[in-house]
Each structure stands twice: as structure tokens, then as C-alpha cells.
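What follows is a set of notes on a single structure, which appears directly below.
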Amino acid sequence: MNLQNLMDSCYNIEVVFHVVFRYTRENEKLTQKLGHHATGFSYGDIREEKNMTTQRVRAEFKRLCFSLEEPVVYRTLKEDPLIEAFGQLFRAAALEESDFDLIHRCYYDVCGLALELGWPAHLANLIMEDENLFSKTAAAAGASGLNPTLRTSATRDLEICRALVAFSARRVKEGIEELWNEQVPGEYALCDPPMLWPEWDEGLSLGSGGNLSQKKEGRQTQQECRGQGDGAYGGGLRRAGKAEGDANGREGANGREGANGREDANERGNANGRWDEGCLETEAYLTGSGSVEEMVDFLAGYHFENGYGILSRYLAFRWEGHRLKGIVNPDCVQRTQLFGLERELSILAENTEHFLAGFRANNVLLYGNRGTGKSSAVKALLNTYRAEGLRLVELSKSALEDLPDVVHSLWGSPQKFILFVDDLSFDDTELGYKNLKTVLEGGLTAEPGNVLIYATSNRRHLVKENFTDRQGDEVHARDSVDEKLSLADRFGLTITFSAPDQKGYLQIARGLARRRGLTVEDGELERMALRWEMMHNGRSGRTARQFVDYLEGSIGLAHASVRKIQPKDARTEEGNRHAGKG
């Protein structure tokens with residue numbers, strides 16, 4: 001017998017053994033169900049018992065199919081790819097004529113998505129981020145503002161979610177195994193039986209509560225190491241009162257900053273520690289900790305303190321594709337990094353504090369030369385006032401046509417939003433500024449109490465002006481001028497940012513260098529800073545920062561090179577000493 005025949009024989013033996021093993025195990029299971037001492041039963045009785053079992057399995061899968069279609073308040077959950085994949089698996093398993101090709105494919109689709117997205121943490125995230133009547137009502141009035149019908153509907157939906165989590169991968173495989181056993185022996189002999197399929201929630205039954213506890217302990221330890229309290233990363237909203245710190249020199253909620261005076265964005269995660277804690281609590285409820293009624297109360301309290309949907313998850317947003325998108329790592333500039341702007345920053349902070357306190361405040365136009373810190377001044381507000389509920393929404397000029405939709409999407413949220421439009425200006429042929437005028441003032445829609453617009457521009461009046469506007473042949477020339485000036489006039493507060501003189505420029509460079517711990521003599525630092533300014537973009541805060549960036553990189557590279565060279569030099573000196581002795 002040659003090698004190929006031997007391999008074919010082994011393969012056939014393996015197939016036969018697998019079929020016999022399945023057939024024997026199947027009969028043993030059915031015999032146990034009928035009783036070890038049962039006598040007088042026939043294979044017809046066995047088939048009847050098998051049919052009853054498979055019908056019960058199909059009915060259970062069908063019940064799960066119906067339940068996934070039943071949420072009322074959280075009805076958008078079924079649009080999620082993973083929830084949809086669960087539905088496809090349950091529908092495939094509920095078919096009267098089992099299609100194991102389809103079941104096999106659907107099961108592995110669910111398994112892959114669940115492992116990729118994280119189950120059941122993904123479901124907790126969906127519940128926390130869902131924008132629905134329950135979350136919006138709770139954000140406005142808390143648990144006490146929920147009417148009985150809304151509360152009952154939310155409770156029922158969350159019960160469905162808990163039942164889905166409780167139906168573990170092992171239970172799914174056991175059900176599929178029962179369907180598998182009714183197939184003709186040998187039809188799927190080359191495929192692993194269902195109980196050997198992978199599971200997406202392995203380890204969950206070994207103490208999911210313990211795993212969640214470890215996550216919470218890890219997060220608490222992380223916060224303690226950073227010296228942060230409950231307001232870390234933005235925390236819950238403070239519905240009354242002010243954030244701690246000096247009004248003229250705040251460093252933000254956590255006082256942490258990176259080399260550029262910015263908080264390390266990579267450590268911020270979702271930029272809202274309360275969100276992470278809320279997801280862990282929701283996940284714990286989904287896995288059986290506490291009752292569903294307690295879960296409803298927890299979610300209502302969370303939304304009341306932190307808002308609803310995506311607005312409760314992030315500190316900064318961008319309007320893109322006609323909808324809000326969260327910015328995971330916003331550029332949070334530290335206020336104390338902005339040297340020489342004390343007057344401008346104090347005016348901006350005063351207006352912002354009026355806004356956060358619930359009083360009247362003005363839309364702000366920050367005007368001045370390029371690189372003078374206009375954009376950084378607005379970004380620094382987020383780091384300073386995030387614990388009080390301030391959020392930033394970045395808008396491009398092209399997105400201004402959606403401005404009414406942006407305002408509508410923020411209406412009613414407990415947070416306060418600054419719509420940040422950077423480098424805003426219009427040519428005299430553009431008509432987009434007229435839409436902005438209507439939103440700022442003049443429209444029939446009432447102004448929302450939680451939205452302001454802060455815009456930066458290098459043009460004093462935003463719209464391009466020509467001498468012909470004043471000297472043209474228009475009968476009422478003043479009307480044309482007023483039309484262009486009216487947009488800037490609707491910003492109630494204009495703050496001018498001027499380019500620094502040489503003294504101010506050097507002050508900024510020295511301050512940034514000291515803040516980063518660069519040990520350079522003042523005389524040498526000033527000489528290098530002035531040479532940099534002449535060779536680059538002129539005197540400005542931006543130029544000073546770019547110079548210090550270059551200086552820090554040069555010093556760091558020099559130190560790194562010395563560390564690499566030292567071991568080699570040491571070996572050389574040691575070799576020379578040995579050579580001298582020889």
C-alpha cells in the first residue's frame with residue numbers, strides 16, 4: 001500500500017469513527033431522557049422525543065427573534081450590526097428545516113463581531129449613547145420626570161437586553177446541538193460539532209462581576225494616581241456653582257499638561273470619565289447585578305447629570321456629514337500656556353462664565369493678526385470649564401448652512417455649547433454670511449439658552465470690503481456698507497488680538513521654554529529666538545511656540561545621541577587601558 005492510499009484509508013476511518021461516535025452519543029442522550037430502566041420503547045419513541053426537543057429549541061430561538069423586534073424606547077438598538085447579526089442567527093436556528101450552512105455562517109458572524117466589539121460592553125455602550133424619549137426626558141427632569149408609561153416601556157426594553165446577555169454562547173450552542181443531532185448521520189461529519197465552536201463570552205460566567213470590579217478598581221487607581229476627584233475628565237455637570245481655581249490663571253479640571261501646555265490627549269480616552277463609569281455600571285446591570293428597576297433609576301440619574309446620547313460621551317464635537325461626531329482626543333490647550341494674553345483671556349472668560357451661570361452672554365468675535373492666539377484662547381476654555389458642563393462644537397464655514405440643524409440638535413441638553421468657527425471670513429460675492437446673520441439675530445426661532453458662537457477671523461468685519469463700496473455708483477452707497485458691517489455687529493463682543501512687540505515675543509519664548517523645563521541661558525535663548533523670528537513668520541505667539549518646539553527637539557536629540565555614544569566610548573577607554581598595560 002502506497003502512502004497516498006494509506007492517507008485515504010486513515011481519512012475514511014476518521015470519518016466513520018466520527019459518525020459512529022455521534023450516533024452512539026445521540027442514542028445515549030435519548031436513552032437517559034427516557035430513563036435508564038425504561039423498557040419496551042422503540043426507535044419511534046426516540047424519534048418522537050427528539051422531535052419534541054427540537055421543537056422546543058426552535059420555539060426558544062423564535063421567541064428570541066420576536067423579542068429583538070419588540071423594543072419601543074430603545075428601538076434603534078436593532079439597527080446595530082451585532083444586534084442584527086444575533087437576529088439573523090436566531091432566525092436561521094428557528095427554521096423548520098434547519099440549514100446548517102446558514103446557521104454555521106451566522107454563528108461565526110456573531111462570534112467575530114462580539115469579540116471585535118466586546119460583548120456585553122458593546123450593548124452597554126449602545127444603551128448609554130442611545131438618544132430616545134427616555135434619555136431626553138431624564139436629562140431634562142431626572143427620574144421623577146418620567147411618566148409611568150415611559151418608565152414601563154424602558155423597563156421592558158432593558159429586560160429584553162438582559163435576556164439577550166443571559167442567553168450565552170454556550171446556551172446557543174446547546175440549542176444548535178439539539179438541531180444538529182436530528183440531521184442524517186454523516187451529512188456534516190467533516191464539520192466540528194456545535195459544542196466545539198468558539199464562544200464570544202468565554203470567561204463571563206467565571207465571574208463577570210469580578211471582571212467589572214477589576215475594571216472599576218483599575219479606573220479608580222488611575223484617577224488616584226493623577227490626583228483627580230469625581231470631576232475628572234469632565235465628570236458630571238455642576239448644575240450650580242463654579243469650578244475651582246483662580247479665575248485669572250486656571251489650568252483646567254486636572255491641572256495636567258503635556259510638553260506644549262496641552263493635556264495628554266491619549267490619556268483622556270472618551271474625554272469623560274463619568275461615561276466610562278456609567279458604561280461599567282450598565283454592563284454590571286446587564287449581567288445580573290441588581291434589578292431592572294434599579295437600572296432604570298441609574299440611567300435616569302446619569303442622563304440628568306450628564307445629558308444624553310453622544311453629547312454625554314465627549315467634550316468636543318465636529319459637525320460633519322450633517323450630524324455631530326465626537327472628537328476622541330480634543331486639543332485642550334492650557335490657559336497658563338498662553339502668555340501675554342491676560343487682558344484678552346479675562347474678557348473671554350468673563351463672558352463665558354456669564355453663559356455657564358445661566359445669565360445673558362454675547363456671541364464673540366476674536367479678531368487679530370495671524371498666530372496671535374485667537375484659536376488657542378477658545379480651545380483653552382474647554383480645559384478650564386469642562387467640569388461646569390462646557391462643550392465645544394467645531395464648525396467649518398461650509399457647515400454654516402446647517403447651523404439651524406446644529407442648534408436644534410443641541411437644544412434642551414443640560415450642557416452649554418460653544419459653536420467654534422475658526423478663521424471665518426467671506427468674499428463679497430459669497431452669500432453664506434446672510435444665513436449666519438439670521439441665526440445670530442433676526443430669525444423667528446427663539447435663541448437657545450445653551451448655545452453661543454465664538455468665531456475667529458483675520459478680518460475685522462468678516463466680509464471683504466472694497467473702496468468701491470464707498471465710492472461706487474450705487475444710489476444708496478451706505479446701504480451696501482451697512483449690509484457688510486451688519487454681520488460683525490451681531491457679535492455682541494469683539495476681542496482684538498494684537499501681534500506682540502519684541503519684548504512681548506521674547507517673554508512668550510522664555511515662558512514656554514521654562515514651562516517645558518529647557519535649561520538655556522536667557523541671553524542665548526533670546527538670541528536664538530530673534531534669529532528664528534527673522535527667518536520665519538515674524539513675531540507672534542505661534543512663532544514663539546514653533547521656536548520652542550524646535551529648541552526642545554534639538555536638545556532632546558542631542559541628549560539621546562550622547563546616551564547612545566557613551567557606552568561605546570566607555571568600551572574604547574577600557575580597551576585603551578588594557579592596551580597600555582600590555
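Per-peptide packing, taken as the mean over residues of other Cβ atoms within 10 Å, places 83-94, 363-374, 280-291, 146-157 in the sequence 363-374, 83-94, 280-291, 146-157 from highest down.
Here segment 271-357 has 47 percent of its accessible surface on carbon and sulfur atoms, given a 1.4 Å probe and all protein chains in place.
Remark: segment 355-372, residue by residue, has Karplus-estimated 3J(HN,Hα) of 4, 5, 7, x, 9, 5, 9, 9, 5, 10, 10, 9, 10, x, 5, 5, x, 9 Hz, where x stands for each Gly or Pro and the curve is 6.51 cos²θ - 1.76 cosθ + 1.60 at θ = phi - 60°. Highest-first packing order for the peptide set 498-506, 336-344 is 336-344, 498-506, based on the mean count of other beta carbon atoms within 10 Å.
Report the net charge of residues surrounding VAL72, where surrounding means a beta-carbon distance below 14 angstrom and charges are Lys +1, Arg +1, Asp -1, Glu -1.
-1
Our coupling estimate for segment 508-519, obtained by passing each phi through the Karplus curve with A = 6.51, B = -1.76, C = 1.60 and θ = phi - 60°, is 5, 4, 5, x, 5, 5, 5, 5, 8, x, 7, 8 Hz, Gly and Pro reported as x.
Distance in nm between label sites at LEU557 and PHE66, each 7 Å beyond Cα in the beta-carbon direction? Result: 7.1 nm between the two label points. For segment 322-434, the Cα gyration tensor yields ellipsoid semi-axes of 22, 20, 14 Å (square root of five times each eigenvalue, largest first, whole Å).
Around the amide H of VAL451, modelled in the peptide plane, lie the amide H atoms of PHE417, all under 5 Å away and 5 or more residues distant in sequence or on another chain. Per-residue 3J(HN,Hα) values for segment 312-329, derived from phi via the Karplus relation 6.51 cos²θ - 1.76 cosθ + 1.60 with θ = phi - 60°, read 8, 9, 10, 8, 10, 9, 9, 7, 8, x, 6, 7, 7, 10, x, 9, 5, 10 Hz in sequence order (x marks Gly and Pro).
Checking the Cα-Cα distances for LYS136/LYS325; LYS325/LYS397; LYS62/LYS325; LYS325/LYS374; LYS78/LYS397 against a 27 Å cut-off, the pairs over it are LYS62/LYS325; LYS78/LYS397. Amide H contacts of ILE495: LEU365, LEU366, TYR367, each under 5 Å away and 5 or more positions distant or on a separate chain (H built 1.01 Å from N in the peptide plane; Pro and chain starts excluded).
In this simple spin-label model, placing a label point 7 Å from the Cα along the Cα-to-Cβ direction at both HIS354 and SER396 gives a separation of 3.3 nm.
The values are calculated or read from the model by the stated rules, or taken from the named source; none is laboratory data. Keep in mind it's a predicted model, so treat the numbers as computed, not measured. Neighbour counts run over all protein chains shown; Cβ positions are idealised from the backbone, glycine included. Ligands, DNA and RNA are excluded from the accessible area calculation, which covers all protein heavy atoms including side chains. Shrake-Rupley method; radii C 1.70, N 1.55, O 1.52, S 1.80 Å.
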